[in-house]
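J.: My structure is below; once you've seen it, I'll send some questions.
Values quoted throughout were computed directly from the atomic coordinates according to the rules given, and no laboratory measurement underlies them. Keep in mind the model is a prediction, meaning the values are calculated, not measured. So basically every Cβ, Gly included, is an ideal-geometry build from the backbone, and we count neighbours across all protein chains shown.
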Amino acid sequence: MVAGFQIEEMRPEHWEQVRAIYLEGIQTGNATLEADAPEWEAWNAGHVPSPRLVACREETILGWAALSPVSGRCVYGGVAEVSIYIGEAYRGQGVGLTLLQHLVRDSEAAGFWTLQAGILKENLASRQLHAKSGFREVGYRERLGKLNGAWRDVVLMERRSSLIGIE
């Protein structure tokens, strides 16, 4: 376990380290179908303002988690897509679980009733992490997108908030 880190709101000045962690995830080939991390302005525009969290030890960002809206339609206002990335040196040490549990708590406080995650089939660590945080597999999308010329399958996981009476 990584000791001595805290969870706090992501701030724009964290972006350089957040983007570097995102790029580490991209380089694994199993974190996303994206081929590159965007610049701050594009990333900021594509994610809800809060919650956006970082795990940090002093000035070092260990990992981050944020939400993206799944639709612009008002009926989906309480549904969001989870992004969570942990720095390579901190994976498997409890940082991800702590971050995701805080993201779940803070998302419920912000009125989100469903969180979903599209996880590449081969990313067993992420699937297990989400399962430990109350997500369940609800679907499987074959050949959803190409990465480096190869079709990739995505497992859809979701978590319903128990705070609003739907589970």
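J.: Place a +1 charge on the Cβ of each Lys and Arg in the stretch 40-155 and a -1 charge on the Cβ of each Asp and Glu, then give the dipole magnitude about the Cα centre in debye, rounded to the nearest 20.
T.: Values: 13 positive and 11 negative charges, 73 e Å.
Computed charge dipole of the stretch 40-155: roughly 360 debye.
J.: Ok, one more. Just want the answer: with Cβ charges of +1 for Lys and Arg and -1 for Asp and Glu, which residue in 150, 18, 89 is farthest toward the dipole's positive end in the chain?
T.: Positive-end residue among those listed: 150.
J.: Still on this structure, please answer the following. Only Cα pairs under 8 Å and at least 6 apart count here; give the relative contact order of the chain as a rounded whole percent. List each step's numbers first, then the result.
T.: Values: 291 pairs, mean separation 34.0, N = 167.
Relative CO of the chain lands at 20 percent.
J.: Further question on the same structure: List the GluC sites (Glu not before Pro) within the stretch 1-96 that fall in a DSSP loop (any state other than H, G, I, E or B) and whose Cβ has at most 15 other Cβ atoms within 10 Å.
T.: Sparse-neighbourhood loop GluC sites (Glu not before Pro): 34, 39, 58, 59.
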